[in-house]
1. For the chain, which whole-number percentage of the solvent-accessible area (1.4 Å probe, protein heavy atoms only) is attributable to carbon and sulfur atoms?
2. Evaluate the distance, in nm, between pseudo-label points positioned 7 Å from the Cα of D125 and of A30 along their respective Cα→Cβ axes.
3. About its Cα centre, what dipole magnitude does the range 1-134 give when the only charges are +1 on Lys and Arg Cβ and -1 on Asp and Glu Cβ, stated in debye to the nearest 20?
4. Two-decimal Rg/Rh of the range 1-106 from alpha-carbon positions, Kirkwood Rh?
5. For I21 and W67, what does the FRET efficiency come to when R0 = 25 Å and r is the distance between their Cβ atoms, rounded to the nearest 0.05?
6. Return one whole number: the accessible area per residue of the chain in Å², for a 1.4 Å probe.
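The values are calculated or read from the model by the stated rules, or taken from the named source; none is laboratory data. Everything numeric here is computed off the predicted structure, so don't read it as measured data. Every residue, glycine as well, gets a Cβ built from its backbone with ideal geometry; the counts of neighbours run over all protein chains shown. To get the accessible areas, we keep the full protein, side chains included, count just its heavy atoms, and leave off ligands, DNA and RNA. Shrake-Rupley method; radii C 1.70, N 1.55, O 1.52, S 1.80 Å.
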Amino acid sequence: MGVRFLKMAVVYILIGICIGIYMGTTLNFALTSVHAHANLFGWATLALCGFTYLRFPKAAESPLAKWHFWLQGIGLPIMLITLTLMAHGYAPDWITTLKRIGEAVAGTGILIFAVNVFTNVKAMDIHNNHTHDVSM
């Protein structure tokens, strides 16, 4: 599960960087919120979740991890697409409602991640999983 999160995170850093380059070259910063959300809620959050799942297999193997993956994987693109439309002045009620739904779905995914961490990540797992190779 951790690898799936890391790969999804890389997609979002590519999107975020492309948006940033576009804004810098055009000097049009209308997509600043989309850029920020792609980089922070996409890249940074998903990468940290991925590393958490790689480090704590019990959390990765939980059904909660799958729910987290799909909820954030569905909600975040909806949120970013609707934010993009709104940044370009297209904001009918159904778009703003869809944005709120995307936010709620992605946010629920993060809430599930939190439950998973508090349920399945234990301090003792850190020491039990360490292997050190100190040979030179």
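1. Details: 5880 of 8100 Å².
Of all accessible area on the chain, carbon and sulfur atoms account for 73 percent.
2. 4.5
3. Numbers: 8 positive and 5 negative charges, 28 e Å.
That gives the range 1-134 a dipole magnitude of about 140 debye.
4. 1.04
5. Details: r = 34 Å, r/R0 = 1.36.
Computed FRET efficiency for I21 and W67 comes out at 0.15.
6. Value for the chain: 60 Å² per residue.
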